[in-house]
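Coordinate-derived values only; no laboratory data. Not measured: the values here are computed from a predicted model. Reconstructed Cβ throughout: ideal geometry from the backbone, glycine too, with neighbour counts over all protein chains shown.
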C-alpha cells in the first residue's frame, strides 16, 4: 500500500460523529506526542536524578503561571465571534498582549529572579532564569495560534504540532544529558514554541486575517475586556493551584522530593493532557452552537458521562498498581513516586472530569463566577499544603492537599452543571453507579494482587478491556445528530 492510498483510506477509519472524529484527530496527535515522552521517560529517569527533575518542575511551575496569562486570556475569545474579521482583530490583540507580558516577565527576572530562585530552594536556577521570558513568549504565541486553529477546526494541524513539540523537547533532553539538569529546562523551553510557525503561517494566510485594523483591535479589546479582568485572574489562580505543590514542596522539603512528585504528576496527568485537552478544545469549538440551539445542558451531561466512563476504571486500577508500576518502569529509586501518585489519583480524577467542561464559563460569559470558584479553590488548597507542612511530613501534606483538591474539583464540577442547566442528580447517579461497577469488578484483582502481582495485572487488563472496548466502539460509531 503506497502513501497516496493510505491518505484516502485513513479518513474512512475515523469515527462518523464529527465530535468523536475531531477528538480522535486531536487525541491522535497529543497521544502520539505523549507516547514519545512516556517511552523516553524510563531512559530520562536513568540519565537524570530526582534533583534534576525537581529543578525542571520548579521552572515548569513558574513558566505555567506566566503562560496562562501571557495573552491576558484574550486567546479564549478567538473562537467566539461570528465574524472572522472580529476574530482576526482578537488574534492580533492576543499577540500584542504576549509581547507585553514577555517584556514584563523579562523585567521581573532582572529585578527579582535571583531572589526568587533562592526562595524556592533552587540556587542552580539562578543562571537559568533567562529561560523564563523565552518560554513565556514561545508558549504564549503558540497558544494564540492554537486557538485560531480551534476556531477554523484545523485539528489535524494542532495534532501535528504536538508531535513536533515532543520530538524537539526529547532531542534536546536526551542528547544534552551530559550538561545535567540544564538540558531538561532547555528542552522544555524550546519545545513550547515548536509548531508556532506552522500554525502562525496558516492563520496569517487565512483570507480574513488581512481585514484586521488598529481600530478593530481597540473595539475587541473593549468588547472582550471581561477576559483580562476576570479570566486572567481565574486562570492564574487555577494555574497557581496546580503549580503550588512543586513550588512550595521545593521551598519546604527540597528538590529531591519535588522530582519524585513531578514524575508522579506527569504520569498521572497524561490522560488529562491527551483526552481532556482534546475534548476541551473540541467542546469549545461546538459549545457556542449548542448554546444557540438550546442544547447546552444535554451537551454537558453527555460530555460528563464520556469523561467519567473514560477515566474511572483506569484511575482505580492505577491506585492498585502504581508503586509496582513506577518501580518496574523507572527504576527502584522512583518507587516512592508510585506511592505519591496513589494519593494523587482522587484529585486528578475530578480535575479530569471538570477541566474540559469548564469552557462553559467562557461560553456563557460567567467569568466572574468562575473567578470566585478559582479563588476559593486556590485558598483551600494553599491552606491544605501549609497545614500539612505544619503538622505532618511530606506524605501527610500531600494526602491532605490531594483530598482537599478532589473535594474542590468535585464541587467545581457541580457548579458547571448548575450554570449550564444540567442535572445534579444525573452526574451523581452516573458517578455512583460507575464507581460501584468498577469497584466490584476489581475486588478479585485486589485479592490476587496480595498473592501475585503479574497475575493480578493480567486480570486487571482483562477487566479494563471489558470496560473500554464497548464504550470506545459506541463512541466511534456515533453519527451526528
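Between residue 103 and residue 64, the modelled label-to-label distance comes to 2.9 nm, taking each label 7 Å out from Cα in the direction of the beta carbon.
Over all directions, average the projected area of the Cα convex hull of segment 38-126 and note it in nm². Write out the running numbers ahead of the final one.
Working: hull surface 32.0 nm².
About 8.0 nm², averaged over all directions.
Rounded to 0.05, the FRET efficiency of the residue 179 and residue 82 pair, given R0 = 30 Å and the Cβ-Cβ distance, is 0.05. Projecting label points 7 angstrom from Cα along Cα→Cβ for residue 339 and residue 130 puts them 4.1 nm apart. Debye-formula intensities of segment 180-234, expressed as log10 I(q)/I(0) at q = 0.31 Å⁻¹, are -1.01 (one equal scatterer per alpha-carbon, no solvent).
Divide, for segment 276-481, the radius of gyration over alpha carbons by 2.2 N^0.38 Å, where N is the residue count. Spell out each step's value before the answer.
Details: Rg = 18.9 Å, N = 206, 2.2 N^0.38 = 16.7 Å.
Compactness ratio reported: 1.13.
Based only on other Cβ atoms within 10 Å, what is the fewest-to-most ordering of 83, 408?
Fewest-to-most ranking of 83, 408: 83, 408.
In terms of other Cβ atoms within 10 Å, 367, 51, 453 run from fewest to most in the order 453, 51, 367. By other beta-carbon atoms within 10 Å, ranking 291, 127 with the fewest at the front produces 127, 291. Computed from label points 7 Å out along Cα-Cβ, the spacing between residue 418 and residue 43 is 5.0 nm. The calculated FRET efficiency for residue 450 paired with residue 213, based on their beta-carbon distance and R0 = 51 Å, is about 0.15.
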